[in-house]
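Peer 1: I'd like to ask some things about the structure below.
The values are calculated or read from the model by the stated rules, or taken from the named source; none is laboratory data. None of these values were measured; they are calculated from a predicted model. Reconstructed Cβ throughout: ideal geometry from the backbone, glycine too, with neighbour counts over all protein chains shown. Accessible surface is based on the protein model in full, side chains and every heavy atom, while ligands, DNA and RNA are left aside. Shrake-Rupley method; radii C 1.70, N 1.55, O 1.52, S 1.80 Å.
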Amino acid sequence: MSLLVVGLSHRSAPVSVLERAALPRETQARLVHDALAAEPATEAAVLATCNRIELYADVDKFHAGVAELSTLLAHHSGVGLEELTPYLYVHYEDRAVHHLFSVACGLDSMVVGEGQILGQIKDALALGQELHTAGRLLNDLFQQALRVGKRAHSETGIDKAGQSLVTFGLEQLAGGRTVADWAAGKRALVIGAGSMSSLAAATLARAGVAHVAVANRTPERAERLAKILTEPGAPGVPAGLTASAADMASVPGELALADIVVSCTGATGLVLTADAVREALAARRDVLCAVEETCAPTSLALLDLAMPRDIDAAVHRLDGEGARLVDIETLAEASADAPMAADVDQVRAIVSDEVAAFGAAQRAAHITPTVVALRTMAADVVAGEMARLNGRLPDLDDKQRAEITQTVRRVVDKLLHAPTVRVKELASTPGGAGYADALRELFDLDPQAVAAVSRADLRHAGPTTGSPNTARESA
């Protein structure tokens, strides 16, 4: 196994760097294509979320692979290599497997234990399969990561720590109160209609807000989400909830009416400027002054879950005017002090066991083409010898010929059984890859025949299994 991952995350880089390095989907596609075109890589996949960018590859040269993948990350992110390098981490072989499995379990997430990363890993694998850049190693790796993540969530209590980034953000805005107590009866504006925005809208609805307005560049998506929120019998949603849809041009007006704003779009520029928020605060004060005899202070709570950011960071300076902004940078600082669940140690044990099992399976799989090629060669030898026998003893009847053929095959099978079983066992141990080379050398196997078996296995590698819910960016 020659798996290499080069990446950066909220653990290695400041949010300001992650924001600049964010990769839209089309850029991710170009990145994996360029990685595959690079000499050291034979497979490639990218895992890009709001707080991590990781490039996975199967490489034949470690140092050349690190240099090439680092250069490609810098080129496609637009952050200079010299600036990016101090924030990059590198994992190789079993350490790379351990890293992805830990990520899949939520151990490396900003909010420890969150499960939305599973959807993002599934998306990364789907993109690699769609672009045909993920071969057997990365298909096996990412599919196993999905299974490990599901196992961690089903066998441990990591979910108790694993809030969604939405819930964690709303808790920061609630400032010590329960989200339900803080949000009850308020009016919310959700900007965006993707998976993270949908989660935000559903979370706010269950928390007891009175109204949810959904704004999106595609009005039909906003209308669909608003309709889902108000469907009769929606689990956990109060019966009196109302919801509406709006286009992006209507955001200023909706902003002036909202108490809570959650924004999570794929925009490359700002969705809400500091001036827009200031104007909304002024409009809210005007409304209150018109309705009430005295102009009571007004407030606006904003949660920005996008990367790059949707809401101008200058809004932080409007705290004295009634605006409270929580963004990815705020959440990163808050998560550093968040307690870890007692089940984290159990999850780590699961990850360690799964890494060992994956390594053993990969090493065992490495020997399989050689064993198949050996048995194919043996079958060819039997067929050749039987053809010679038929020429020398043409008077044998069909029953005699079949009995001789079966006897020769049994002899060959018995002779090959013990060494092939033993070599598979040895190949699954650390350092066992050399046994395949020894087997090829001892039996003088044609390398092209072994390679042909490997190619056939790769063509029959199945697509990803399972379908965890996809979420936009929370890892």
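Peer 1: Can you pull out the residues in segment 225-274 that are in contact with a strand residue (DSSP E or B) (Cβ under 8 Å, 6 or more places away or on another chain) and charged (D, E, K, R)?
Peer 2: Lys227, Asp247, Glu254, Asp259
Peer 1: Does segment 298-307 contain any residue that is modelled with pLDDT under 85 and among the polar types (S, T, N, Q)?
Peer 2: Yes, segment 298-307 contains at least one residue that is modelled with pLDDT under 85 and among the polar types (S, T, N, Q).
Peer 1: Of all residues in segment 161-182, count the ones that are farther than 27 Å from Ala45 by Cβ, aliphatic (A, V, I, L, M) and either open to solvent by less than 50 Å² (accessible area, probe 1.4 Å) or in contact with a Phe, Trp or Tyr (Cβ under 8 Å, 6 or more places away or on another chain) (or both).
Peer 2: Going through segment 161-182, the residues farther than 27 Å from Ala45 by Cβ turn out to be 161, 163, 167-182.
Filter again for aliphatic (A, V, I, L, M), leaving 161, 170, 173-174, 179-180.
Narrowing the set further to residues that are either open to solvent by less than 50 Å² (accessible area, probe 1.4 Å) or in contact with a Phe, Trp or Tyr (Cβ under 8 Å, 6 or more places away or on another chain) (or both) leaves 161, 170, 173-174, 179.
Residues meeting the conditions: 5.
Peer 1: Answer yes or no as to whether Thr230 is modelled with pLDDT under 90 and among the polar types (S, T, N, Q).
Peer 2: yes
Peer 1: Under 8 Å by Cβ, and 6 or more places apart or on different chains, what pairs join a residue from segment 313-337 that is in a helix (DSSP H, G or I) with one that is open to solvent by 20 Å² or more (accessible area, probe 1.4 Å) and among the aliphatic types (A, V, I, L, M)?
Peer 2: Close Cβ pairs satisfying both conditions: Glu329/Ala313; Ser335/Val112.
Peer 1: Let me ask something additional. Quick one: which of His91, His75 is assigned to a helix (DSSP H, G or I) and either open to solvent by 10 Å² or more (accessible area, probe 1.4 Å) or in contact with a helix residue (DSSP H, G or I) (Cβ under 8 Å, 6 or more places away or on another chain) (or both)?
Peer 2: His75
Peer 1: Is there a residue in segment 102-117 that is more than 30 Å from Gln346 (Cβ to Cβ) and outside any helix (DSSP H, G or I)? Break it down into steps so the answer makes sense when it comes.
Peer 2: At the first step, the residues of segment 102-117 found to be more than 30 Å from Gln346 (Cβ to Cβ) are none.
There is no residue in segment 102-117 that is more than 30 Å from Gln346 (Cβ to Cβ) and outside any helix (DSSP H, G or I).
Peer 1: Also, quick follow-up: Filter segment 175-196 down to residues that are in a helix (DSSP H, G or I) and of a type outside the set (A, V, I, L, M, F, W, C) and give me whichever is modelled with the highest pLDDT.
Peer 2: Pass one, segment 175-196, residues in a helix (DSSP H, G or I): 179-183, 195-196.
Filter once more, keeping what is of a type outside the set (A, V, I, L, M, F, W, C): 181, 195.
On the way: Asp181: 94, Ser195: 80.
That would be Asp181.
Peer 1: Has segment 94-117 got any residue that is of a type in the set (A, V, I, L, M), in contact with a strand residue (DSSP E or B) (Cβ under 9 Å, 6 or more places away or on another chain), within 25 Å of Leu146 (Cβ to Cβ) and surrounded by fewer than 18 Cβ atoms within 10 Å (Cβ to Cβ)?
Peer 2: Scanning segment 94-117 turns up no residue that is of a type in the set (A, V, I, L, M), in contact with a strand residue (DSSP E or B) (Cβ under 9 Å, 6 or more places away or on another chain), within 25 Å of Leu146 (Cβ to Cβ) and surrounded by fewer than 18 Cβ atoms within 10 Å (Cβ to Cβ).
Peer 1: Find the residue count for segment 344-379, including only residues that are among the hydroxyl-bearing types (Ser, Thr, Tyr), at pLDDT 80 or above and over 23 Å from Gly149 (Cα atoms).
Peer 2: So the count comes out to 1.
Peer 1: Kindly establish whether Thr420 is open to solvent by 60 Å² or more (accessible area, probe 1.4 Å) and among the hydroxyl-bearing types (Ser, Thr, Tyr). It would help to see each step written out before you state the result.
Peer 2: Values: open to solvent by 60 Å² or more (accessible area, probe 1.4 Å): no; among the hydroxyl-bearing types (Ser, Thr, Tyr): yes.
Against the criterion (open to solvent by 60 Å² or more (accessible area, probe 1.4 Å) and among the hydroxyl-bearing types (Ser, Thr, Tyr)), Thr420 does not qualify.
Peer 1: Residue under question is Ala222, and the condition is that it be open to solvent by less than 40 Å² (accessible area, probe 1.4 Å), among the small types (Gly, Ala, Ser) and in contact (Cβ under 8 Å) with a residue 24 or more places away in the chain; does it hold? Don't jump to the end; show me each part of the working.
Peer 2: Numbers: open to solvent by less than 40 Å² (accessible area, probe 1.4 Å): yes; among the small types (Gly, Ala, Ser): yes; in contact (Cβ under 8 Å) with a residue 24 or more places away in the chain: yes.
When the stated conditions are applied, Ala222 passes them.
Peer 1: Residues to consider are Val271, Val277, Val262; find the one that is out of contact with any Asp or Glu (no Cβ under 7 Å at 6 or more places or on another chain), within 20 Å of Arg317 (Cβ to Cβ) and modelled with pLDDT of 90 or more. First the steps, then the outcome.
Peer 2: Numbers: Val271 fails: out of contact with any Asp or Glu (no Cβ under 7 Å at 6 or more places or on another chain); Val262 fails: within 20 Å of Arg317 (Cβ to Cβ).
After ruling out the rest, the residue left standing is Val277.
Peer 1: Report yes if Pro14 is surrounded by fewer than 22 Cβ atoms within 10 Å (Cβ to Cβ), modelled with pLDDT of 95 or more and over 21 Å from Ile121 (Cα atoms), otherwise no.
Peer 2: The answer is no for Pro14.
Peer 1: Ok, one more. Within segment 44-60, count every residue that is open to solvent by 20 Å² or more (accessible area, probe 1.4 Å) and modelled with pLDDT of 90 or more.
Peer 2: 2
Peer 1: Quickly run through segment 392-401 and pick out the residues that are open to solvent by less than 60 Å² (accessible area, probe 1.4 Å) and not in a loop (DSSP other than H, G, I, E, B).
Peer 2: Arg401
Peer 1: Select from segment 140-160 the residues that are open to solvent by less than 10 Å² (accessible area, probe 1.4 Å) and either under 18 Å from Met196 (Cβ atoms) or not hydrophobic (A, V, I, L, M, F, W, C) (or both) and list them in ascending order.
Peer 2: Within segment 140-160, the subset open to solvent by less than 10 Å² (accessible area, probe 1.4 Å) is 141-142, 145-146, 148-149, 152, 158.
If the condition is that a residue be open to solvent by less than 10 Å² (accessible area, probe 1.4 Å) and either under 18 Å from Met196 (Cβ atoms) or not hydrophobic (A, V, I, L, M, F, W, C) (or both), then Gly149 is the only one that fits.
Peer 1: Look at Leu31 and say whether it is crowded, with 19+ Cβ neighbours inside 10 Å, closer than 15 Å to Ile53 by Cβ, in contact with a His (Cβ under 6 Å, 6 or more places away or on another chain) and hydrophobic (A, V, I, L, M, F, W, C).
Peer 2: Values: crowded, with 19+ Cβ neighbours inside 10 Å: yes; closer than 15 Å to Ile53 by Cβ: yes; in contact with a His (Cβ under 6 Å, 6 or more places away or on another chain): yes; hydrophobic (A, V, I, L, M, F, W, C): yes.
Here the answer is yes, as Leu31 does meet what is asked.
Peer 1: Right, something else. Restricting the search to segment 349-389, which residues are open to solvent by 50 Å² or more (accessible area, probe 1.4 Å) and over 36 Å from the mean Cα position of the chain (by Cα)?
Peer 2: Arg375, Thr376, Met377, Ala379, Asp380, Val381, Ala383, Glu385, Ala387, Arg388
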